Amino acid sequence: MNATRWNRREVLGGVLAAGALSGAPFRPSLGQQPAGGMTERSELLIRNGYVLTMDAQVGDIAGGDVHVRGGAIAAVGRGLNAPGAQVVDGTGMLVLPGFVETHWHIWTALLRSLAGDRQEHGYFPTSRTIGTFYSAEDMYAAGRLAAAEAIHSGITFVHDWCHNVRGPDYSEAALRALEETGIRARFSYGSPTAASNDASIDLRDLTRLAERWEEHANGGLLTLGLAWRGAASAATLRDYEVAKELGLPISVHANNSGGGVIQQLADRGLLAPGMQIIHAVWCTPEEIRAMVANRVTVSVSPYSELRIGFGFPVAADLIGAGVTVGLSVDTTTLSGNADMFAIMKAIQNIENGRARNEFKMTARRVLELATIDGARSMGIGDRVGSLTPGKRADVIMVDTRAVNLGMLTEPAHLLVEAAQPANVDTVIVDGRVLKRGGRLTSVDVGEVVDAAARASAGVRRRSGWSWPSQP
Ligand SMILES: [Zn+2]
């Protein structure tokens, strides 16, 4: 926060409010932030919404209230009494926990919809070539755009799988973007993109970050992990060992376009509780059993898996076997956007279509994947993922009074089948209002979008990358 600007604003506010020179302190209204600072935490009472707590013990509460105090869920129920709280009208709103996103290469946000139509312009050559020309400022611009899009879409937690750390200033810039927007996130530290597997990641920088994490944790909102490249070499195994010594969670892509990798990890004793495997599209029954036995979780990203031709996600098979599954964006270079409503809808349709069964994957079950199961898959199910008193207050409100909704029928079905990011009226993270009345409060969207567009054009120009139909 910038003290000079803050004071000037206070003074101006006092002068402009004629007759209000009583010395009353500047008190930001709901969701309003002091210039350059984090949005204030508010004590809130969301009144008379349709509350989907996603807590199996509590269930849904029609005409329900949610009391948020000190950044936590203080209470849920009907007719709550909270005299000091600002009242937020929940009439016509679906109130639920924020979506938990479980794997996203956020730095690729500058390459939205840039994977082309021929082999040489595909996702991997595109991202790897342009990625080597990224500056630390590009990481920051991408991070701000992605975090803003996440909040806009009702995503309150992202897993930033950062496989383009080209120096300590790159990880710092990516973290600063997450911190400034106020989102909850895990930052998983990886290699520079296109780096050889014969070189370890910057283990000194990773260790430095881990040992001084308090400086980056943003009051507990941000955590650190390893974006692991798998057991490809002695160097990547060293990355794994150091992360384990530092007590960091490990995440790895496996069985994307063929089987066998998960089996190799199992055979070498490298699967461990809390490890996350990404995609797991092609799994043998033995591999699924190994994941269950080792309490490994899986992140499924339907729009990258389908778009790039890995295959159909197998979320229902994994869940049926006892694997905890979360949903993810992966990369907007392939998925185009970060729309968790669309991701949920894709999963339900894929699973019902594969099973030729209208009832294979219920809307309620998919909604669990996007909230409480996603949180459990990231090891944060005790902190977020449901509106349970005592948990941190990550809450969203979806306005049903929109042309694509328009009525309150079955709430879980509405969320999975009909709702869109534009219907997200309010987003609260850790008790801070980051979106209100459909507008972001912690980010100047115009400025963030302009900066991202400039950074995208700049890095594409420096890399010399283009394909025929691209302007
Ligand atoms: Zn990925």
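The values are calculated or read from the model by the stated rules, or taken from the named source; none is laboratory data. Quantities reported herein were computed from a predicted structural model and do not represent experimental measurements. Using ideal geometry, Cβ is built from the backbone for each residue, glycine included, and neighbour counts are taken over all protein chains shown. Just so you know, the surface numbers come from the protein's heavy atoms only, side chains and all, with ligands and any DNA or RNA stripped out. Shrake-Rupley method; radii C 1.70, N 1.55, O 1.52, S 1.80 Å.
Pull up the range 67-85, narrow it to residues that are assigned to a loop (DSSP other than H, G, I, E, B) and of a type in the set (A, V, I, L, M, F, W, C), then point me to the one that is nearest to A56 (Cα to Cα).
First, pick out the residues of the range 67-85 that are assigned to a loop (DSSP other than H, G, I, E, B): 70-71, 78-85.
If we keep only those that are of a type in the set (A, V, I, L, M, F, W, C) too, we end up with 80, 82, 85.
Working: L80: 21, A82: 25, A85: 27 Å.
Step by step, filter the range 67-85, then rank; the result is L80.
Which members of the range 86-121 meet the condition of being charged (D, E, K, R) and either in contact with a strand residue (DSSP E or B) (Cβ under 8 Å, 6 or more places away or on another chain) or not in a loop (DSSP other than H, G, I, E, B) (or both)? Break it down stepwise before answering.
Filtering the range 86-121 for residues charged (D, E, K, R) gives 89, 101, 112, 117-118, 120.
Result: D89, E101, E120.
Give me a count of the residues in the range 217-241 that are open to solvent by less than 10 Å² (accessible area, probe 1.4 Å), in a helix (DSSP H, G or I) and not charged (D, E, K, R).
Going through the range 217-241 one residue at a time, the tally reaches 2.
I'm trying to understand the selection: among the residues of the range 161-191, which are within 17 Å of A243 (Cα to Cα) and within 16 Å of the ligand (Cβ to nearest atom)?
W161, C162, H163, V165, R186, F187, S188, Y189, G190, S191, listed by residue number.
Which number in (1) in contact (Cβ under 8 Å) with a residue 60 or more places away in the chain; (2) closer than 30 Å to G122 by Cβ; (3) touching a Lys or Arg at 6+ places or on another chain (Cβ under 8 Å); (4) assigned to a loop (DSSP other than H, G, I, E, B) marks the one condition that S442 misses?
(2)
This table checks each residue for (1) open to solvent by less than 60 Å² (accessible area, probe 1.4 Å); (2) within 20 Å of the chain's Cα centre (by Cα).
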site: R356; (1), (2): no, no
site: E368; (1), (2): yes, yes
site: M378; (1), (2): yes, yes
site: R383; (1), (2): no, yes
site: V403; (1), (2): no, no
site: P411; (1), (2): yes, no
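Under the condition of being within 16 Å of the ligand (Cβ to nearest atom) and within 19 Å of the chain's Cα centre (by Cα), which residue from the range 270-284 is surrounded by the fewest Cβ atoms within 10 Å (Cβ to Cβ)? First the steps, then the outcome.
Applying the first criterion (within 16 Å of the ligand (Cβ to nearest atom)) to the range 270-284 yields 275-282.
Remaining after also requiring within 19 Å of the chain's Cα centre (by Cα): 275-279.
Working: M275: 20, Q276: 27, I277: 25, I278: 26, H279: 26.
Checking each candidate, the answer is M275.
For every residue, the table says whether it meets (1) more than 16 Å from the ligand (Cβ to nearest atom); (2) buried (at least 23 other Cβ atoms within 10 Å of the Cβ); (3) under 30 Å from G225 (Cα atoms).
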residue: V66; (1), (2), (3): yes, yes, no
residue: A75; (1), (2), (3): yes, no, no
residue: L80; (1), (2), (3): yes, no, no
residue: T102; (1), (2), (3): no, yes, yes
residue: T108; (1), (2), (3): no, yes, yes
residue: R112; (1), (2), (3): no, no, yes
residue: E120; (1), (2), (3): yes, no, no
residue: Y140; (1), (2), (3): yes, yes, yes
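Does L110 meet the test of being under 18 Å from the mean Cα position of the chain (by Cα) and either aliphatic (A, V, I, L, M) or closer than 21 Å to P249 by Cβ (or both)?
Yes: the conditions hold for L110.
Do any helices (runs of 4 or more DSSP H) lying entirely in the range 285-344 carry at least 2 residues that are within 13 Å of the ligand (Cβ to nearest atom), and which ones are they? Step through it out loud before you land on a result.
On the way: elements: 285-293, 302-307, 315-321, 332-335.
By residue number, 302-307, 332-335.
In the range 101-138, what count of residues is obtained for those that are within 26 Å of L222 (Cβ to Cβ) and of a type outside the set (A, V, I, L, M, F, W, C)?
Residues of the range 101-138 within 26 Å of L222 (Cβ to Cβ): 101-112, 127, 131, 134-138.
The next check asks that each one be of a type outside the set (A, V, I, L, M, F, W, C); those that pass are 101-103, 105, 108, 112, 127, 131, 134-135, 137-138.
The qualifying residues number 12.
Just one of (1) within 16 Å of the ligand (Cβ to nearest atom); (2) assigned to a helix (DSSP H, G or I) trips up E368, so point out which.
If we test E368 against (1) within 16 Å of the ligand (Cβ to nearest atom); (2) assigned to a helix (DSSP H, G or I), just (1) comes out false.
Out of all the residues in the range 122-138, which are open to solvent by 50 Å² or more (accessible area, probe 1.4 Å) and part of a loop (DSSP other than H, G, I, E, B)?
Keep residues of the range 122-138 that are open to solvent by 50 Å² or more (accessible area, probe 1.4 Å), which gives 124, 128, 132-133, 137.
Answer for the range 122-138, where residues must be open to solvent by 50 Å² or more (accessible area, probe 1.4 Å) and part of a loop (DSSP other than H, G, I, E, B): T132, F133.
Across the range 122-138, what is the number of residues that are in contact (Cβ under 8 Å) with a residue 24 or more places away in the chain and within 14 Å of the ligand (Cβ to nearest atom)?
Result for the range 122-138: 4.
Pairs needed: first member in the range 298-310, open to solvent by 10 Å² or more (accessible area, probe 1.4 Å) and at pLDDT 95 or above; second member anywhere, within 11 Å of the ligand (Cβ to nearest atom) and among the hydrophobic types (A, V, I, L, M, F, W, C); C-beta distance under 7 Å; at least 6 residues apart or different chains.
Y303/L334; R307/L334; I308/L334
Would you mind stating whether G353 is modelled with pLDDT of 95 or more, on the phi > 0 side of the Ramachandran plot and either out of contact with any helix residue (DSSP H, G or I) (no Cβ under 8 Å at 6 or more places or on another chain) or in a helix (DSSP H, G or I) (or both)? Working first, answer last.
Values: modelled with pLDDT of 95 or more: yes; on the phi > 0 side of the Ramachandran plot: no; either out of contact with any helix residue (DSSP H, G or I) (no Cβ under 8 Å at 6 or more places or on another chain) or in a helix (DSSP H, G or I) (or both): yes.
No: the conditions fail for G353.
Is it true that some residue in the range 8-28 is within 28 Å of the chain's Cα centre (by Cα) and either modelled with pLDDT of 75 or more or surrounded by 15 or more Cβ atoms within 10 Å (Cβ to Cβ) (or both)?
Restricting attention to the range 8-28, the residues satisfying the condition of being within 28 Å of the chain's Cα centre (by Cα) are 28.
So of that shortlist, the ones also either modelled with pLDDT of 75 or more or surrounded by 15 or more Cβ atoms within 10 Å (Cβ to Cβ) (or both) come out as none.
No, the range 8-28 contains no residue that is within 28 Å of the chain's Cα centre (by Cα) and either modelled with pLDDT of 75 or more or surrounded by 15 or more Cβ atoms within 10 Å (Cβ to Cβ) (or both).
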